[in-house]
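Structure first, commentary second.
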Amino acid sequence: MNNRSAVLLEFDKVLNLLLGYCISEEGKRKLQLQKLFYTEDSLSHFHNLLSQFRTLLESDEVFPDVNFPEIEFLLSVFIKEGTSLDGIDLYNIAQFINSSLKVKSFISNTKIADLNYISEIAEGIPPLDYLVSEIVSVINSTGQIRDDHPELRNLRKRLGELNRNISVLSSSYISENRNLFQTDVPSQKGGRIVLPLKSSFKGRVKGIIHDISAKGNILYVEPFDILDLNNKIAVQEHEISIIANRIFRELTEKIRIEIESLKILIDSFAFIDTLIARAKFSFNYNCFRPEISNSKIDLKKARHLLLGSKAVPITISIEEGLHTLIITGPNAGGKTVSIKTVGLLAMMNQFGIQIPAEEGSSLPVFDGIYADIGDDQSIEESLSTFSGHMTNIASILDKSNSKSLVLLDELGSGTDPGEGAAIAMAVLDALISKGSIVLTTSHHGLLKNYGYTREGVMNASMEFDENSHSSTYRVVLGIPGDSHAVDIAKYSGIPLDIIEEAQAYLKDKQTEVGRMIGELEKKHKLAGERENAILHREKTLRNQIRENDLRLLSLKQSENELKRNRNSETNKFLSNARKTLENLVKELKEGEITQVKTKKVKGFLSDISDKIDTEKESLDNFIINNPESIKEDKLEPGMEVLVGEYRRSGLIVRKGKKQDWIINTGALNISMNLNDIYPAPENKKQEAYGVSLSTVKSSNLANFTLDLRGFRLETALSTIEKQIDNALMSGLTEFNIIHGKGEGVLSSGVQKYLKNENSVKDFYFAHPDDGGFGKTIVILKE
């Protein structure tokens with residue numbers, strides 16, 4: 001980590017905030033010693049750990065009640081044989097071990113699946129629970145040996161009796177001779193009970209004088225009978241102390257035997273504590289894990305963490321192949337904050353912290369993050385502002401390479417504008433030749449031209465509200481910005497006559513850059529209007545498609561209802577016919593065959609014949625409308641057929657893969673399986689034709705939309721695969737995927753498929769549609 005850049009980007013302040021989320025001093029020290037990750041594999045692995053720990057902490061499972069007293073410093077104390085820890089240190093070690101094992105159990109016994117990374121870390125905590133049991137069974141929370149310890153129980157009982165006896169004796173001395181003593185409460189000197197005898201009564205109480213008050217009016221006397229009890233108490237306390245020290249040494253020795261395991265336990269939990277801190281931090285600041293890209297910076301609604309609720313989200317996208325972004329605009333418009341936000345979030349990401357930006361943001365893994373921001377004036381080193389910047393930039397030029405991120409604020413300022421702009425362009429040329437990604441701010445008009453003429457460079461500006469004459473703090477990509485210095489000066493209180501004088505100078509010396517900016521703003525506005533119109537038409541077409549699908553579904557339901565009614569009528573007819581036939585047979589058997597009976601039989605047979613003819617005609621119509629799938633040798637290009645469940649009309653274009661045929665349905669070419677192709681009522685051979693859909697390059701919009709909301713992964717992948725084949729056959733180079741709110745709902749399985757699909761050039765999150773649903777645009781290889 002470049003310490004100077006870390007301070008300029010205020011990463012040190014973010015680190016201090018992060019330290020506050022640790023629950024142990026050992027975790028804080030571990031966090032302070034951690035470095036940035038500079039390889040994709042190591043960074044990805046750490047972010048996997050963090051993501052799993054955040055999932056666990058945000059679940060319904062309750063984190064255990066733990067206490068982590070500081071104990072790491074004790075390792076150097078008892079590492080030598082013969083040394084001993086006191087009771088409170090021993091108890092603290094037991095507390096730390098016990099709390100670590102609680103965290104281990106919390107992680108290992110979770111019901112949440114797919115937490116394999118953090119489970120491995122937790123398993124690294126050694127099972128030292130037996131030490132906890134041995135320590136807490138002997139020592140209480142105050143660090144004292146428990147009263148019921150078998151070796152000390154009798155000694156402490158005897159000591160208690162001696163203390164009671166000496167208390168009774170000393171109190172009786174004072175109560176029986178109250179006038180002799182200064183107070184009615186015995187005192188202690190050197191741990192021994194003494195009586196506060198008035199000096200005027202010296203000699204009235206026989207004993208040893210231990211001390212005299214400052215004024216000499218009190219003698220602290222130990223009478224001989226109290227002396228004897230004091231001696232017995234001292235002997236008893238010494239015996240207890242010998243036994244207690246031995247117990248402390250024995251417990252210390254047991255811990256010393258496990259010192260290597262204890263070191264592993266402390267280190268393992270300290271690492272887990274850094275994950276706990278990061279997970280809590282990410283949740284509290286609404287952070288998300290960015291994707292890792294090769295060289296593309298894509299930050300969506302990124303916020304500077306230290307600005308809190310005042311932060312205006314910015315969206316910055318630097319595509320692969322683009323090396324430099326030149327941001328221009330008014331003073332105090334947010335240029336410096338914007339590049340500091342990019343640098344800070346890049347540093348946070350590589351420190352293993354999720355970033356305050358929307359899901360779907362992406363950052364490369366840089367091997368160096370360098371910044372030149374602020375005033376580098378130094379009186380001690382005789383450096384002006386310009387000299388200070390040049391010294392720092394010289395160091396950056398020496399260290400940077402193709403994997404570096406370089407942030408330069410007000411490049412070329414602090415000196416003659418012409419020379420400063422020339423130096424700025426030369427510095428950018430050098431960094432571009434190295435392949436570094438550069439974000440710079442400037443007011444130089446020449447740099448705005450440089451942004452249009454130099455390959456790999458893009459202009460950007462800070463949006464300015466003409467009505468309020470203030471910045472909106474939003475980044476507009478592709479357009480340089482005016483400084484709006486006169487407007488800001490006017491509304492900052494500069495006298496009107498001076499403002500008018502400045503405007504006169506501007507009219508005489510209006511630059512081409514100013515006019516170019518005005519034209520670009522008009523074009524940008526027109527492009528926005530065209531994009532809105534296209535989005536509106538896309539929404540209208542989507543609604544029409546949904547209405548058609550609903551209409552087809554209604555027709556299908558009606559068809560099924562008709563089938564059920566027809567079957568019901570047929571069954572009713574057969575049942576009635578059977579009953580009538582049975583009655584006729586019964587009548588014929590019972591008597592003679594008369595003319596009336598014969599007429600009844602003929603009428604019955606005639607009714608059945610009519611009903612059969614009617615059903616046959618209905619069946620023929622149904623077969624025409626619901627034909628069997630056609631045989632493959634009957635198909636040929638140009639033939640009119642019916643396809644799919646709803647028998648849509650189409651024309652055969654050509655043979656596809658295996659048993660698939662390419663069918664034109666009037667909207668686009670689609671691939672259909674042989675089993676889903678049916679003959680049309682009258683086959684007509686026509687010229688095969690295709691459909692091409694035009695694209696508006698400036699809008700960067702896809703031509704076709706797949707709505708995958710509610711799809712399972714397997715179904716979604718199958719649908720995308722067919723759409724890619726159809727798009728390629730139709731000449732399309734891109735299409736949309738609509739999914740749930742936010743890009744994160746586009747599952748990792750779909751993203752992995754798109755990354756590995758040879759026909760896919762790129763895909764990226766565009767913006768939510770009017771319904772708030774996420775949209776991803778897929779770009780196909782031509």
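Taking N as the number of residues in region 120-173, what is its alpha-carbon radius of gyration divided by 2.2 N^0.38 Å?
Expressed relative to 2.2 N^0.38 Å, the Cα Rg reads 1.98.
Using 0.36 nm per residue, how much length does the chain from Lys781 to Asp225 gain when fully extended, once their Cα-Cα distance is taken away?
Here the segment from Lys781 to Asp225 would lengthen by 189.5 nm.
Hey, can you find the accessible area per residue of region 1-123 for me, probe 1.4 Å, expressed in square angstrom?
Result: 50 Å² of accessible area for each residue.
Which far-off residues, 5 or more places away or on another chain, put their amide H under 5 Å from the one on Ile23, with H placed in the peptide plane?
none
Can I get the semi-axes of region 62-179's equivalent ellipsoid? Compute them from the C-alpha gyration tensor as square roots of 5 times the eigenvalues, in angstrom, largest first.
So the three semi-axes of region 62-179 are 47, 17, 13 Å.
Compute the Cα gyration tensor for region 198-248, then decide on rounded, prolate or oblate, letting a ≥ b ≥ c be the square roots of its eigenvalues: rounded whenever a/c is under 1.5, prolate when a/b is larger than b/c in the other cases, and oblate in all that remain.
oblate
Is there a pair in Lys13/Lys102; Lys539/Lys657; Lys13/Lys310 whose C-alpha atoms are over 23 Å apart, and which pairs would that be?
Long pairs (Cα-Cα over 23 Å): Lys13/Lys102; Lys539/Lys657.
Kindly rank 22-32, 352-362 from highest to lowest mean number of other beta carbons found within 10 Å of each residue.
352-362, 22-32
Over region 98-199, what is the relative contact order in whole percent, taking alpha-carbon pairs under 8 Å and six or more residues apart?
14 percent
Please report Rg (one decimal) and Dmax (integer) in Å for the Cα set of region 294-359.
12.0, 34
Determine, for each peptide in 454-460, 65-71, 539-545, the mean count of other beta carbons within 10 angstrom over its residues, then list the peptides with the highest first.
So the peptides 454-460, 65-71, 539-545, ranked by packing, come out 454-460, 65-71, 539-545.
Out of the total accessible area of region 42-145 (probe 1.4 Å, heavy atoms of protein only), what percent is carbon and sulfur?
49 percent
Given the pairs Lys111/Lys755; Lys157/Lys232; Lys296/Lys781, which are separated by over 25 angstrom at their Cα positions?
Cα-Cα > 25 Å for Lys111/Lys755; rest within.
What's the local net charge at Arg54, with K and R +1, D and E -1, over the other residues with C-beta under 15 Å away?
So the environment of Arg54 carries a net charge of -3.
For region 164-281, report the translational diffusion coefficient in µm²/s to the nearest whole number, using Stokes-Einstein at 25 °C, 0.890 mPa s, and a Kirkwood Rh over Cα pairs.
132 µm²/s
On the first, second and third principal axes, largest extent first, how far apart are the outermost C-alpha atoms of region 263-374 in Å?
54, 33, 28
Looking at region 1-114, I'd like the Rg to Rh ratio, where Rg is from alpha-carbon atoms and Rh is Kirkwood's inverse mean 1/r.
1.04
Rounded to a whole number, what % of the accessible area of region 161-301 do carbon and sulfur atoms account for, probe 1.4 Å?
51 percent
The values are calculated or read from the model by the stated rules, or taken from the named source; none is laboratory data. What you see is a predicted model; the values in this text were computed from it and never measured. Glycine also receives a Cβ, built like all others from the backbone with ideal geometry; neighbour counts cover every protein chain displayed. With ligands, DNA and RNA removed, areas are computed over all heavy atoms of the protein, side chains included. Shrake-Rupley method; radii C 1.70, N 1.55, O 1.52, S 1.80 Å.
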